[in-house]
Amino acid sequence: NMGAIRFYKGHAFALARRLANFYVLPPENCPETGRVRYDALLFVRRTGRGDDGDKPPPVRRARAAASPLALLSHAWDAVWRL
């Protein structure tokens, strides 16, 4: 959804993580014919706490074998630590 991505980027959110193939849609509801898997994007925004200015927080990398749910959990954990 490019409109949502433009909205978040326009309001000082930064892309923290892309979760590849996170969503699986029924074929009849897919915006692209023949494609059923779609990525999820997690955007974060600093709240001004801390003394590092506008420097974005480090993105923690999960292990390659982690499930999409585990990746999302780690990303949320990183957001709450801001």
Taking 30-40, 13-23 and ranking on average Cβ neighbours within 10 Å, highest first, one gets 13-23, 30-40
For the pair LEU41 and VAL79, how long in nm is the line joining their label points, each one 7 Å along Cα→Cβ? 1.5 nm
Just grab the label-to-label distance for ARG18 and LEU69, each label 7 Å out from Cα along the Cβ direction, in nm (one decimal). 2.5 nm
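Readers should treat all values here as calculations from the given coordinates under stated rules, not as data from a laboratory. Just so we're clear, the structure is a prediction, and the values are computed from it rather than from any experiment. So basically every Cβ, Gly included, is an ideal-geometry build from the backbone, and we count neighbours across all protein chains shown.
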